[in-house]
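Below you'll find the structure, written out as structure tokens, and then a few comments.
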There are 6 protein chains.
Amino acid sequence: MTAICIQVINPNTNAGMTDTIATAARMAAAPGTEIMAVSSREGVPSIEGHFDEAIAAVGVLEQIQAGRQQGVAGHVIACFGDPGLLAARELAQGPVIGIAEAAMHMATLVATRFSIVTTLPRTLIIARHLLHQYGFYDHCAGLHAIDLPVLALEDGSGVAQEQVRARCIQALKEDGCGAIVLGCGGMATLAQALTRELQVPVIDGVSAAVKMVESLVALGLSTSKRGDLAFPEGKALSGKFQTFNTFAI
Amino acid sequence: MTAICIQVINPNTNAGMTDTIATAARMAAAPGTEIMAVSSREGVPSIEGHFDEAIAAVGVLEQIQAGRQQGVAGHVIACFGDPGLLAARELAQGPVIGIAEAAMHMATLVATRFSIVTTLPRTLIIARHLLHQYGFYDHCAGLHAIDLPVLALEDGSGVAQEQVRARCIQALKEDGCGAIVLGCGGMATLAQALTRELQVPVIDGVSAAVKMVESLVALGLSTSKRGDLAFPEGKALSGKFQTFNTFAI
Amino acid sequence: MTAICIQVINPNTNAGMTDTIATAARMAAAPGTEIMAVSSREGVPSIEGHFDEAIAAVGVLEQIQAGRQQGVAGHVIACFGDPGLLAARELAQGPVIGIAEAAMHMATLVATRFSIVTTLPRTLIIARHLLHQYGFYDHCAGLHAIDLPVLALEDGSGVAQEQVRARCIQALKEDGCGAIVLGCGGMATLAQALTRELQVPVIDGVSAAVKMVESLVALGLSTSKRGDLAFPEGKALSGKFQTFNTFAI
Amino acid sequence: MTAICIQVINPNTNAGMTDTIATAARMAAAPGTEIMAVSSREGVPSIEGHFDEAIAAVGVLEQIQAGRQQGVAGHVIACFGDPGLLAARELAQGPVIGIAEAAMHMATLVATRFSIVTTLPRTLIIARHLLHQYGFYDHCAGLHAIDLPVLALEDGSGVAQEQVRARCIQALKEDGCGAIVLGCGGMATLAQALTRELQVPVIDGVSAAVKMVESLVALGLSTSKRGDLAFPEGKALSGKFQTFNTFAI
Amino acid sequence: MTAICIQVINPNTNAGMTDTIATAARMAAAPGTEIMAVSSREGVPSIEGHFDEAIAAVGVLEQIQAGRQQGVAGHVIACFGDPGLLAARELAQGPVIGIAEAAMHMATLVATRFSIVTTLPRTLIIARHLLHQYGFYDHCAGLHAIDLPVLALEDGSGVAQEQVRARCIQALKEDGCGAIVLGCGGMATLAQALTRELQVPVIDGVSAAVKMVESLVALGLSTSKRGDLAFPEGKALSGKFQTFNTFAI
Amino acid sequence: MTAICIQVINPNTNAGMTDTIATAARMAAAPGTEIMAVSSREGVPSIEGHFDEAIAAVGVLEQIQAGRQQGVAGHVIACFGDPGLLAARELAQGPVIGIAEAAMHMATLVATRFSIVTTLPRTLIIARHLLHQYGFYDHCAGLHAIDLPVLALEDGSGVAQEQVRARCIQALKEDGCGAIVLGCGGMATLAQALTRELQVPVIDGVSAAVKMVESLVALGLSTSKRGDLAFPEGKALSGKFQTFNTFAI
């Protein structure tokens, strides 16, 4: 088994969350897999809406470029909105997986219907859009928000974590779902204990995405370069985006 | 009638295309409407894929911010992929309309089914995604690409324009559609002549979007600030995105 | 700017509601737009179901014919079920817009999800069908009925109006929506005050439709006469429908 | 077995087509079923678009009222666009079935996918809308038009009939369908011979609808009077629609 | 009128339920129709999940084969999950109708939206899947389970029957539906009394399916043998499935 | 890394195909994964329709039971129709993945739209149904059949293999897809060479499913036993199905 390196990108700039994500990724990684955890170099400290997603996408793309130059085998976008996913697939040579995508896919493999528990209510629309885009809208039994900001997960108090747990229990009671998807990269390390306690699959997208990248790499499958995911057209970017020009495709 | 100013944003950096877009916007504008045509200050010279869209979104958001500071009444995003649309709506006070959105909406008002004619085949997937997002997938009878890059529309030869015309004719013959949507901001000035020649509505999104912004402004309707389109959470951005921090909301 | 005349058709025969509709239409109209408000000459006093819609469609078509003969630039069908809309488009030369259609379109431009507040519960199915037909089913967060007949809006007591307000507030609380669509022509004049009070877009279709007709006219876009919206086949009608025969196409 | 009477309504005014429809209905009727075939007293000689449908709906409703006063057990609307179907269900006491509805339902019971063969291309959109409304859009493998007007089926030459046959053969070859739905009441008598010749179910809606009404009557099931199909609200109609007022509900 | 024989197959092995089903079928049958009620010879005593469905499908297919050899005119699969329906259509010469299918079709003919009342919550997902497959997902207003096993309907206490009644009343209150579909073959004999008491169509699939088979037979329509419902490919089965080999097609 | 054993079930009884499937599974398996390849003990020699699927499901379930008793970590159902998938999930303790499911999921991770190449045309409907069930209908750009029976892949001539290759090339040309899904377990060993030759991801479900099971096991995620995938209700089966009774849950 050849060792591979997977780049796990935290699209926000919060180092604590990058650590959380790295921990979850490393726990999931196979023996031969190295996890290179990075965060956006510049951008937003947390991602809680459409604007944040748009800004974060650029940071993701810069890291995709860097990761590709370093020869990583594949990439994970570790924010539940999967910011920049299709753009990243254009830029990348290897596979790119978003954590919302990974968690939703995995959920449909172990339950006929799943619910989502996320942070702020304003991010629910992003989950809805992804459910439509990935084809899982009818597999989703309910969408729940704990109504705390993303960074409450990093404040050390455990309040947000307890809220997540309470919402999972509520979702199981109300929605008739068979699994729960955790809707934030900052919740990554909660999944295993909740799975054990609640006796249903509680799915974290970070670890799920790591396994998906490993799987695709092992299968010799990478992002299709035929059609709309082909490398960008090779035009010169200007201004603060010139860094992308050094990227010979 | 109070005069209003509408900011029309060309999300790419091509000045020629900004001129084309400005011309179409001004032809459509009501007497009391001033068109302020701008392009992304930095970014990609043309937008032909997911990567280009992600980069262009930042340029759009910078202009939205600038436009809002200048007190414009509303904004048009003049690229057929509507890059950054929902993010722009978060950032803006007034209404924001994308030209794909505008053209598709208008098409459903004058025909039961419409076809789309765009530039490169790789952009068709973006149009498909927007049709799903806006709810018009079943109203679309066909998607066509002339297989020329966006900037071929600016080379002065007229070859791309003739290809657009030929594809419109083909779409009418094959698709059983009642209207055509032109799938690129660079085609904006072709719509009127094609409408006359082909005797069906051939719809340009730039002019359509200008009228939609005018309409919303006249109705006193603006982007909802309740829920997911509320202003961004007000967190400090870092690095090259710090410019957004100067934006007191 | 050339002056244009828009025919606003109240599909029922209630003069008070025609006045309400005319008021809303005139408030929305641009300086150069004349509003010609008419009601069905014969038919039902209010429209609250499929039967009422079917009857009202004939009255609408008679007015479309009359309006066309008088040279109006476009037509608005001012009942939330949009009775006779596609038939009217066949008959008309200019654009024809229904108020449910107009309000729903506008709502999707200012919010990611909207709710509808209408009169009798039995009309909700009509709104559902229109949401499907126009493509906006997934954009609708909730459907609400005040459980009062349409004409309660015309009784001068203000009770129905207060019920509408209460239901809007409830919808905002329960549905997680960003905008409200008022589901009856008789509510047209309530939208502006509710928008101000509730601080979300509360959308009346009458004024929205007027702006849409103005927009289409300004863009030189009219109902496609290619395909299924072409003028009727020109067959002689019999009996009480003979009046349509005088209509040389 | 009690004898029952089913009213079969030809929504157009063409007596020849009423005869064709009556013949098909009587061939399908059970021994104890009497077929009362009527046509719209006033209206359009054939139905080939949205306008024709809207006019025809009134004629249908008048006959529904008459049929109910005569005590018929149920009603068939024998035009492939099912004009006035939901309005008729409001007005009727017994079940009301449209022939497009009936044929589409039956087709899904004998094949996983079916195709439709109809008359003028402009009517295809009506079939599309019904497929969506009834839930069968994904069960339809293709829509075909012979490009001849409805009344060509009544000209005695057999040309239109031969065109229908040719299109059925083409649909079977191209669409991968398992059954054909004939998309016009005037084709009703062709179904049996085509079924035999082509060795696939070729389904006529008139006979199918007769069996459905018989079935519902036998089961004691009638149009639900709870909710939106309850009788009309009982308001006085004016002008040429006053005839409906004599209808005590 | 020729006499026909319809085979009504109870896919489970419970004789009491076969009797219930036979009773409902015979009450619905036309004078010339003989009901041959059978149950799976081997299998599960009741069907309450995906596993039970898969096992029951074989018993259904054996009976289809037997019924065909006996020359029955058509077949009913009398379990609300319609186990083995498409496989049975391959094997059969005549029409095959499932009772979920039949009840859902009938419901859409008498109401714009219906609710379903079934036994265990775990079977709701099967109903959901069938709603999608048959095209009726948007016609369903609610799904309800009494949370008692199927065989509670056979225990003679009447408790389950009372629970069904209570849930029907609740569904009418909460869902805004116009009809109820009973979601279990064991509820077949409850429909008529509930229809009378609740004054809405309460639909049993057994009787509905009998009428549908009668209708198809009368129309000369049978399962299409063109395409995917053609007889199986004629390969030799092994082991306990060898019984199917004696079936010369 | 703990060694795990994955049971790969060929739902038909053809030993040659079991070998092909085992080869593909072993090539994909991680170092610590043992592949236990089995075929249905009794059933059909190949699976080419709904009937074959229904029979094969029982053989699958027997193997699931056996595999669980032997303590395998998870199961793969290696037929492109995923026969018995949800029933197998009820019966299993560990994860169960179908190869159509696995291939389709993987395809959506590397391309925005994929095409399917399968054997007989009659099996296309099964693929269509699975696309709907899994949520990927809109991600599928085309469905193709080589019109040869499944076992032609095992005849040693290479003719069927060459037909598969030709159809893949045609699909890429006509459909605008970015990846190909091979629609038969017997094609499993073709994927890698075709991926290299055609320069797009050509995806075999057997290897994809092995990686998915490995991933779920590594993540500690297994089939949800809450709700409809809980173990069967524990009723005694009769006759040839008694073998399932020995299965203490």
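Readers should treat all values here as calculations from the given coordinates under stated rules, not as data from a laboratory. Bear in mind that the values here come from a model prediction, so they are computed numbers and not experimental data. Cβ atoms come from the backbone with ideal geometry, glycine included; neighbour counts cover every protein chain shown.
Quick notes on this one:
- Relative to the dominant Cα principal axis of chain F, helix F:205-219 is inclined by about 50°.
- Given charges at Cβ of Lys, Arg, Asp, Glu: region B:176-249 dipole, positive-most of B:194, B:237, B:212: B:237
- C-alpha center-to-center spacing [region C:164-181, region E:146-199] in angstrom: 34
- The Cβ shell under 15 Å around residue A:96 holds other residues with a net charge of -2, Lys and Arg each +1, Asp and Glu each -1.
- Partner lysines whose Cα lies under 20 Å from the Cα of residue E:173, excluding those fewer than 8 positions away in the same chain, are identified as D:225.
- Amide hydrogen neighbours beyond the local backbone of residue C:39, cut-off 5 Å, H modeled: C:10
- One way to sum up the overall shape of region D:62-106 is the equivalent ellipsoid from its Cα gyration tensor, whose semi-axes run 19, 10, 8 Å, largest first.
- Note on region C:213-242 and region A:81-108: Cα centroid distance 47 Å, given to the nearest whole angstrom.
- Comparing B:35, B:125, B:21 in a Gaussian network model of chain B (Cα springs below 10 Å), the most mobile by mean-square fluctuation is B:125.
- Calculated from backbone phi, Karplus (6.51, -1.76, 1.60) coupling profile of region A:232-240 in Hz, x at Gly/Pro: x, 5, x, 8, 6, 8, 10, x, 5
- Approximate spin-label separation residue D:246-residue E:242, in nm, with each point projected 7 Å along Cα-to-Cβ: 7.6
- Three semi-axes of the equivalent ellipsoid, region E:1-149, Cα gyration tensor, whole Å, largest first: 24, 18, 14
- Binned Cα-Cα distances of chain F, short to long, each 10 Å bin given as a whole percent: 8, 34, 36, 18, 4, 0
- The dipole here belongs to chain F: it is taken about the Cα centre, uses +1 on the Cβ of Lys and Arg and -1 on the Cβ of Asp and Glu, and is about 440 debye.
- Using a Gaussian network model of chain F in which every pair of alpha carbons under 10 angstrom is joined by a spring, one finds that among F:27, F:106, F:187 the greatest mean-square fluctuation is at F:27.
- Tail weight of P(r) past 24 Å, computed on alpha-carbon pairs of region A:128-249, percent: 48
- For E:169, A:126, order by how many other beta-carbon atoms lie within 10 Å, fewest first: E:169, A:126
- Taking the number of Cβ atoms within 10 Å of each Cβ as an exposure proxy, the fewest-first ranking of C:213, A:72 is A:72, C:213.
- Across chain B, C-alpha contacts under 8 Å between residues 6 or more apart give a mean separation that, scaled by the residue count, equals a relative contact order of 22 percent.
- Dividing the helix sum by the residues of the protein assembly as shown, where each DSSP H run of 4 or more adds -39500 (n - 2.57), gives a mean residue ellipticity at 222 nm of -13000 deg cm²/dmol.
- Extent along principal axes [Cα atoms of region F:75-148; Å; largest to smallest]: 35, 28, 16
- The distance between label points at residue A:34 and residue C:69 comes to 8.5 nm (points 7 Å beyond Cα on the Cα→Cβ vector).
- Around residue D:6: net Lys/Arg minus Asp/Glu count, Cβ-Cβ under 11 Å: 0
- Taking only the alpha carbons of region F:164-204, we obtain Rg and Dmax values of 9.2, 26 Å in that order.
- Proxy reagent accessibility, fewest Cβ within 10 Å first, across D:19, D:82: D:19, D:82
- Chain B, closest residue to the rotation axis toward E, by beta-carbon, whole angstrom: B:138, 7
- The H on the amide N of residue B:33, modeled in the peptide plane, is under 5 Å from the matching H of B:4, each at least 5 residues off or on a different chain.
- Surrounding net charge for residue C:229, when Lys and Arg each add one and Asp and Glu each subtract one, Cβ distance under 12 Å: +3
- Rg/Rh for the protein assembly as shown (Cα atoms only, Rh after Kirkwood) is 0.95.
- Less than 5 angstrom separates the built amide H of residue A:112 from those of A:178, all sequence-distant by 5 or more or on a different chain.
- The Cα atoms of region B:210-249 give a gyration tensor whose axes a ≥ b ≥ c have a/c of 1.5 or more with a/b greater than b/c, which makes the shape prolate.
- Calculated FRET value between residue D:170 and residue E:137, using beta carbons and R₀ = 30 Å, to 0.05: 0.40
- Against the main long axis of the alpha-carbon atoms of chain F, helix F:15-28 sits at an angle near 80°.
- Region D:1-60 - Debye-derived log10 I(q)/I(0), Cα point model, q = 0.12, 0.15, 0.28 Å⁻¹: -0.32, -0.47, -1.05
- Principal-axis tilt of helix C:99-110 within chain C, Cα atoms, nearest 10 degrees: 50
- Dividing the Cα radius of gyration of region D:35-88 by its Kirkwood radius returns 0.94 for Rg/Rh.
- Within the listed set C:188, C:171, C:15, the Gaussian network model of chain C (springs between alpha-carbon atoms below 10 Å) gives the highest mean-square fluctuation for C:15.
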